[in-house]
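Here's the structure we're looking at; comments come further down.
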Amino acid sequence: IISKIVHDLASLRAEQRGTIAVMMAFLLPIMVGGLGLGFEVSNWYLQTRSMQNAADAAAIAAASNGRSNYDVEAKAVTAQYGFVSGTNNVIVTASNTAACPAGGNTCYSVTISSVVPLYLSQVVGYKGDTTVNGANEKTLTSTSIAQQTSAPVPLCLLALGTSGQALRSNGSPNAN
């Protein structure tokens, strides 16, 4: 009986049918987990890029405004990009006393912070950097700085049209 068991084990060891199925059973969860984690981190990156675009536009708008309501201007611009301060865990802050890269503290800055939920990254042990309503989440932040310039900037507009009305402005004379 022992020789039969040894013979069966030896033939089982030599048998190769189904080995790919066993390997896939072990590797598929790892591959799906890696893909899911990649998608989550990619989502963080895309969200941060979108926030950076909004912060850049808002800082330029606040510096262009240059008045005491610069923060209202900045928040209006970020709202157009979908980042409304106080909703969906988004905080938009604007300042007109930011440190300028070339020195001084007369630059305008806009910071957008957002909190996003964690999905698959918790499975690999990442616990996030904040907790909202008892759930671990990740904080994403983007900041932009712009300086107000008082020098006039010459503008050149080129309008291509066949009717002579290629460039139209409300209330101004027509341009030819």
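Based on this model, can you work out whether Tyr45 counts as open to solvent by less than 50 Å² (accessible area, probe 1.4 Å), without any contact (Cβ under 8 Å) to a residue 60 or more places away in the chain, out of contact with any Ser or Thr (no Cβ under 6 Å at 6 or more places or on another chain) and not small (Gly, Ala, Ser)? Before you say what the answer is, go through the steps one by one.
On the way: open to solvent by less than 50 Å² (accessible area, probe 1.4 Å): no; without any contact (Cβ under 8 Å) to a residue 60 or more places away in the chain: yes; out of contact with any Ser or Thr (no Cβ under 6 Å at 6 or more places or on another chain): yes; not small (Gly, Ala, Ser): yes.
When the stated conditions are applied, Tyr45 does not pass them.
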Q) Does Ala98 satisfy being touching a Cys at 6+ places or on another chain (Cβ under 9 Å) and either surrounded by 11 or more Cβ atoms within 10 Å (Cβ to Cβ) or not hydroxyl-bearing (Ser, Thr, Tyr) (or both)? A) yes
Q. In region 42-69, how many residues are modelled with pLDDT of 90 or more, over 14 Å from Ser144 (Cα atoms) and more than 8 Å from the chain's Cα centre (by Cα)?
A. 1
Q | Tyr81 hydroxyl-bearing (Ser, Thr, Tyr), without any contact (Cβ under 8 Å) to a residue 60 or more places away in the chain and either in contact with a Gly (Cβ under 7 Å, 6 or more places away or on another chain) or under 15 Å from Thr149 (Cα atoms) (or both) | A | no
Q | Long-range neighbours under 6 Å by Cβ, at least six apart or interchain, first residue free of Cβ contacts under 8 Å to residues at least 12 places away in the same chain within region 117-146, second in a strand (DSSP E or B) | A | Lys127/Asn136; Gly128/Asn136; Gly128/Glu137; Gly128/Lys138; Asp129/Thr139
**Q.** Criterion: modelled with pLDDT of 85 or more, open to solvent by 90 Å² or more (accessible area, probe 1.4 Å) and not basic (Lys, Arg) - qualifying residue of Ile91, Ile145
**A.** Ile91
Q.
Condition check: farther than 30 Å from Pro29 by Cβ, in contact with a Ser or Thr (Cβ under 9 Å, 6 or more places away or on another chain) and hydroxyl-bearing (Ser, Thr, Tyr). Does Thr87 satisfy that?
A. no
Q | region 1-38: number of residues that are among the basic types (Lys, Arg) and either in contact with a Gly (Cβ under 8 Å, 6 or more places away or on another chain) or in a helix (DSSP H, G or I) (or both) | A | 2
Q) Does region 39-84 hold any residues that are assigned to a helix (DSSP H, G or I) and either on the phi > 0 side of the Ramachandran plot or among the β-branched types (Val, Ile, Thr) (or both), and which are they? A) Val41, Thr48, Ile60, Val72, Val77, Thr78
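Is it the case that region 69-88 has a residue that's within 13 Å of Ser114 (Cβ to Cβ) and among the basic types (Lys, Arg)? So that I can check it myself, show each step before the final result.
Of the residues in region 69-88, the ones within 13 Å of Ser114 (Cβ to Cβ) are 78, 81-88.
Restricting the remaining residues to those that are among the basic types (Lys, Arg) gives none.
There is no residue in region 69-88 that is within 13 Å of Ser114 (Cβ to Cβ) and among the basic types (Lys, Arg).
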Q. Ser114 versus (1) in contact (Cβ under 8 Å) with a residue 12 or more places away in the chain; (2) surrounded by fewer than 17 Cβ atoms within 10 Å (Cβ to Cβ): which is the lone unmet condition?
A. (2)
Q) Which of the residues spanning region 71-88 are within 21 Å of Thr139 (Cβ to Cβ) and either touching a Lys or Arg at 6+ places or on another chain (Cβ under 7 Å) or crowded, with 20+ Cβ neighbours inside 10 Å (or both)? A) Ala74, Lys75, Thr78, Phe83, Ser85
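The values are calculated or read from the model by the stated rules, or taken from the named source; none is laboratory data. Here the structure is a predicted model, which is why all the values come from computation and not from measurement. Cβ sites come from the backbone with ideal geometry, for glycine too, and all protein chains shown count toward neighbours. We work out accessible area using only protein heavy atoms, side chains counted, and drop any ligands, DNA or RNA first. Shrake-Rupley method; radii C 1.70, N 1.55, O 1.52, S 1.80 Å.
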